[in-house]
Amino acid sequence: MTSQAPGPPGAPQGSESVGTVVVAVVTNLGIAAAKAVGGIVSGSSAMLSEAAHSVADTVTEVMLLAALKRSARPADEAHPLGYGPERYIWALLASIATFVGGAVFAVYDGVHTLLQGEDPGDPTVSYVILAVAFLLEGYSLLVAWRQVRGEAERLRAPLGRYVKHTPDTAVKAVLLENVAALIGLVLAAGGLLGAQLTGSGVYDGVASLLIGLLLVWVAWELGRSNAQYLIGRPLPAATRAEVREELLSVPHIEGVLELTTLVQGPDEVLIAAKIDFHDLASARQVEAACEDAESQLRERWPSIRRVYLDPTPSPGPTGAHRAPRAGS
């Protein structure tokens, strides 16, 4: 028996994710230009690394917007299960852009400065740019933080666990990139201050190198998260157990012989199960049980889009009949 239903009408998560990413794009685009000017004026490798960091973030977030838009397309004949997983392909490419566009440049520039040295220029403009960038990045982080906290509260999940396991990798990317951006700004300011006080470019080079390593970690974390969903990730074990219990609560269902769950997107989960129905249940009762099972699952978890139930006999003695349970 199969059943398919559209996603919950008015589900806010997609629109909130788009808004969060748009705020990050606009913020990072302006910050990247300002950091580049500051880096050129001051001659700071850390500032140039931060400019590359912001450019990489901007490219990343443009890809995330593409992911959100393309994955929202409805199912069609060519893609009967929808386009949800396409979000993870674009998000994986975004993590690669973070690595190539930000991390590689920052590490290279830091190593180059440590080996070749640099003549520190006037850091005044850079300090101003870093202060303004800190405020803008802080606002962007606040927008992402509010969405993540709201989703965690809605799902009654611990915040740390939600961030680690959330299928909404676009918002996770914005959150991690903004945290990394704030840390990078502090590192860049420290490198500028060290170079100003000592007249040595070593501090600036070390700051650039640390910024690059920070971006390597962000790219790795995001790449790993998206790869897991592309390969195929089930619902958490506790949720799978609750799905099994929900199915067993439906009249005429005697057992769940096999349960498969697949997360296809933040608001798109597929459920497939081999179900042992009561031996004396009629075809009409089996059909009604399938409809009831779908309704109960989708009422409890609105993100469940598709439910496939396969009537399968229990591997017990042939011809053995079980007495119906109370309520069957």
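Some observations on this one:
- Listing of helices (runs of 4 or more DSSP H) fully contained in region 23-118 that carry 3 or more residues being under 23 Å from the mean Cα position of the chain (by Cα): 45-71, 86-97
- For region 33-50, the set of residues classified as open to solvent by 10 Å² or more (accessible area, probe 1.4 Å) and among the aliphatic types (A, V, I, L, M) consists of A33, A34, A36, V37, I40, V41, L48, listed by residue number.
- Filtered by the rule that a residue be farther than 25 Å from L92 by Cβ and β-branched (V, I, T), region 207-250 gives V243, V250.
- Subset of region 265-279 [modelled with pLDDT of 90 or more and open to solvent by less than 60 Å² (accessible area, probe 1.4 Å)]: V269, L270, I271, A272, A273, I275, D276, F277, H278
- Among the residues of region 69-105, the ones that are aliphatic (A, V, I, L, M), within 20 Å of D267 (Cα to Cα) and surrounded by fewer than 24 Cβ atoms within 10 Å (Cβ to Cβ) come to 5 in all.
- Residue count for region 274-286, restricted to those that are outside any loop (DSSP other than H, G, I, E, B) and within 10 Å of P311 (Cβ to Cβ): 6
- Selected residue [in contact with a Leu (Cβ under 9 Å, 6 or more places away or on another chain), farther than 30 Å from Q196 by Cβ and not basic (K, R)] from S95, S54: S95
- Close contacts from region 106-117, counting a first residue that is at pLDDT below 80 and surrounded by fewer than 19 Cβ atoms within 10 Å (Cβ to Cβ) and a second that is in a helix (DSSP H, G or I) and of a type outside the set (A, V, I, L, M, F, W, C), with Cβ to Cβ under 6 Å and a gap of 6+ residues or different chains, come to none at all.
So that you can scan it fast, the table gives a plain yes or no per residue for (1) of a type in the set (F, W, Y); (2) under 28 Å from G43 (Cα atoms):
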residue: H79; (1), (2): no, no
residue: G84; (1), (2): no, no
residue: A91; (1), (2): no, no
residue: A94; (1), (2): no, no
residue: A106; (1), (2): no, yes
residue: V111; (1), (2): no, yes
residue: P123; (1), (2): no, yes
residue: Y127; (1), (2): yes, yes
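The values are calculated or read from the model by the stated rules, or taken from the named source; none is laboratory data. None of the values given here were measured: they were computed from a predicted structure. Here the Cβ is made from the backbone with ideal geometry for all residues, glycine too, and neighbour counts use every protein chain on show. Surface accessibility is based on the protein's heavy atoms, side chains included, excluding ligands, DNA and RNA. Shrake-Rupley method; radii C 1.70, N 1.55, O 1.52, S 1.80 Å.
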